[in-house]
Amino acid sequence: MAVSRDELVGAYRRLADTGEQAFILSTCLRFEVLVPGDAADLERVLKTLHGEWAETETGLERSDGEALHHIYRVASGVESPVIGEVEILAQVRESLGVARESGVLHGSFRSLVEGAISAGRAAREELPESPHGSFAAIVAQLVGPHGEVAVFGAGTMARSVVTALQYLPAPPMIAIYVRRPDELVIEGVEVHPMSDAGDALHAFPAVVSATSAQQRLFSVSEMRSAISGRTKPLTLVDLAMPPD
């Protein structure tokens with residue numbers, strides 16, 4: 001399950017309209033909902049968010065201190081495959097900002113959720129520096145040696161990949177493809193409209209896709225057409241959720 005920023009805003013608005021409190025965290029690896037109260041409160045919030053989907057028995061439920069401990073560990077990056085990865089804290093901060101704007105966090109519950117940010121920052125000071133650092137750094141190390149890299153998307157993960165590529169000892173030429181190219185300026189990076197992304201699949205030796213699109217960017221036939229004329233292999237890394 002993946003939630004774009006627009007959907008996140010809509011979800012928080014629905015909660016605000018019903019007077020519910022909740023914190024939502026959606027990343028490429030997890031979908032978390034933190035609610036003050038008991039199982040009945042959680043069920044009511046999930047039905048507000050997902051309707052009949054809330055009836056599913058999949059997922060893991062935590063309560064009381066265990067739930068709070070878990071969300072603090074998530075924000076700290078110690079629940080991530082790359083221990084201490086930095087993207088998760090930015091994602092927690094972004095969702096918290098939307099929740100504040102929507103007015104769905106109040107009193108002690110708001111303070112507890114905000115504590116996850118403090119926990120995440122403190123963890124960064126205590127955890128040993130990772131040789132990889134983040135998913136973005138791992139991907140950059142994989143595609144950087146190709147010399148030219150195209151990145152699809154302008155969200156947290158896409159920007160993290162661009163930054164990681166720029167910090168490589170031998171940075172590649174980087175082009176980023178976004179929906180609103182006129183609104184994005186990154187020093188040393190070419191910015192192109194997403195409508196030209198098919199050309200990148202045909203021309204670049206490496207492509208990293210990390211958009212928040214809720215539908216696939218390319219159909220099977222479009223992919224075949226884009227790569228049919230290639231004379232060299234294509235390294236394609238899809239970090240999007242759902243996959244691009």
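The values are calculated or read from the model by the stated rules, or taken from the named source; none is laboratory data. Since the model is a prediction, treat every value here as computed from it, not as a measurement. Note that each Cβ is placed from the backbone with ideal geometry, even for glycine, and that neighbours are counted across all protein chains shown.
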*asked:* Being assigned to a helix (DSSP H, G or I) and either over 21 Å from the mean Cα position of the chain (by Cα) or at pLDDT 80 or above (or both) is the requirement here; does Glu43 meet it?
replied: yes
*Matching residues in segment 223-243 - criterion: being under 27 Å from Thr27 (Cα atoms) and part of a helix (DSSP H, G or I)*: Met223
*Go through (1) farther than 21 Å from Glu87 by Cα; (2) surrounded by fewer than 16 Cβ atoms within 10 Å (Cβ to Cβ); (3) in contact (Cβ under 8 Å) with a residue 24 or more places away in the chain and name the single condition Met194 misses.*
(2)
*May I ask you to list the residues in segment 197-234 that are charged (D, E, K, R) and surrounded by 12 or more Cβ atoms within 10 Å (Cβ to Cβ)?*
Asp199, Arg216, Glu222, Arg230
*Could you please find all residues in segment 150-173 being buried (at least 21 other Cβ atoms within 10 Å of the Cβ) and over 20 Å from Gln214 (Cα atoms)?*
Ala150, Ser160, Val161, Val162, Ala164, Leu165
*Quickly run through segment 214-243 and pick out the residues that are charged (D, E, K, R) and under 13 Å from Leu201 (Cα atoms).*
Glu222, Arg224, Arg230, Lys232, Asp238
